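Peer 1: Okay, here's the structure, questions in a sec.
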Amino acid sequence: MTSLRAGASTAWDRAVKSVRAATLRAELALSEIPAPTGLAPFAIAFAGDVAPHPHTADPEYGTGRFVLLYDPSSPAAWSGPWRVICFAQAPLEVEIGVDPFLADVTWSWLLDALDSRGAQYIAASGTATKILSTGFGELEEQGDGAQVELRASWSPVGGELSSHLEGWGDVLCLLAGLPPVEGVSSLAAHRAARD
């Protein structure tokens, strides 16, 4: 039992070192936060906020959370010992928020970003939600608004884990309206493809 526990701890230590060494876009401010408890024996979590300019700390551009879980018992629902749970949210222009393909494009951005970073994974699942709102009463001055929200999870495979955090960071920046990095297509490209 002790050798199993030591082996799990060693694998976890390597994973933590890997994700902490991730190379992220300069516009993404990342901080380590307390991980949720009770989901797995090992967990690490990060919060990210998109700031398009280095001296801006305005999370209104986009915000998200990334959690890496490790359970050496390999829960059946995970299809392996590792699981990523993530969230990303950003405001949109209303014209983009009403696009009927927005949810599909958002999900494809995630998969494209993971693939472009070389992240290997199985059992991906999630939701992409578009939120439209209109202010009334005291909030009437806000007018119409829109947001996109991505909640996803997948099971990393292979030993390299930093690419999963990097891919999530790329998606968060895309949702916040920043230009794509190489290998990830833009919303405009998806629109052109369906026209």
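None of the figures in this text is laboratory data; all of them are computed from the coordinates on show. Please read these numbers as outputs of a predicted model, since none were measured by experiment. No Cβ is skipped: glycine too gets one built from the backbone with ideal geometry, and neighbour counts run over all protein chains shown.
Peer 1: What are the residues whose amide H is under 5 Å from the amide H of Ala35, where those residues sit 5 or more places off or on another chain and H is modelled from the backbone?
Peer 2: Ala45
Peer 1: Something else about it: When only C-alpha pairs under 8 Å and at least 6 residues apart count, what is the relative contact order of the range 64-165, in percent? Spell out each step's value before the answer.
Peer 2: Details: 180 pairs, mean separation 35.8, N = 102.
Once normalised by length, the contact order is 35 percent.
Peer 1: What are the residues whose amide H is under 5 Å from the amide H of Val157, where those residues sit 5 or more places off or on another chain and H is modelled from the backbone?
Peer 2: Hits under the 5 Å cutoff: Gln120, Tyr121, Ile122.
Peer 1: Can you sort Glu160, Glu27, Glu141 by how many other beta carbons sit within 10 Å, fewest first? The partial results should precede the final answer.
Peer 2: Numbers: Glu160 15, Glu27 19, Glu141 6.
Ordered by Cβ neighbours within 10 Å, fewest first: Glu141, Glu160, Glu27.
Peer 1: Now for a separate question. For the residues Asp115, Asp170, what sequence is obtained by ranking on other C-beta atoms within 10 Å, fewest first? Let's see the in-between values first.
Peer 2: On the way: Asp115 15, Asp170 25.
Least crowded to most crowded, the residues run Asp115, Asp170.
Peer 1: Related question: Per residue of the range 100-115, in order, report the coupling 6.51 cos²θ - 1.76 cosθ + 1.60 (Karplus, θ = phi - 60°) as ³J(HN,Hα) in whole Hz, putting x for Gly and Pro.
Peer 2: Result, ordered by residue: x, 9, 4, 5, 4, 5, 4, 5, 5, 4, 4, 5, 4, 5, 4, 5 Hz.
Peer 1: Okay, moving on. Please give the contour-minus-distance gain from Ala47 to Ala21: 0.36 nm per residue of separation, less the Cα-Cα distance, rounded to one decimal in nm.
Peer 2: On the way: separation 26, 0.36 × 26 = 9.36 nm, distance 1.53 nm.
Result: 7.8 nm gained on full extension.
Peer 1: Now a separate question. ³J(HN,Hα) across the range 22-39 via Karplus (A = 6.51, B = -1.76, C = 1.60, θ = phi - 60°), whole Hz, x for Gly/Pro?
Peer 2: 3J(HN,Hα) across the range 22-39, in whole Hz: 4, 9, 10, 4, 4, 6, 9, 8, 10, 9, 7, 10, x, 7, x, 9, x, 8.
Peer 1: Here's something else I'd like to know. Taking θ as phi - 60°, what are the ³J(HN,Hα) couplings along the range 120-134 by the Karplus curve (6.51, -1.76, 1.60), each to the nearest whole Hz, with x for Gly and Pro?
Peer 2: 9, 7, 9, 6, 6, 8, x, 9, 10, 10, 10, 10, 10, 9, 10
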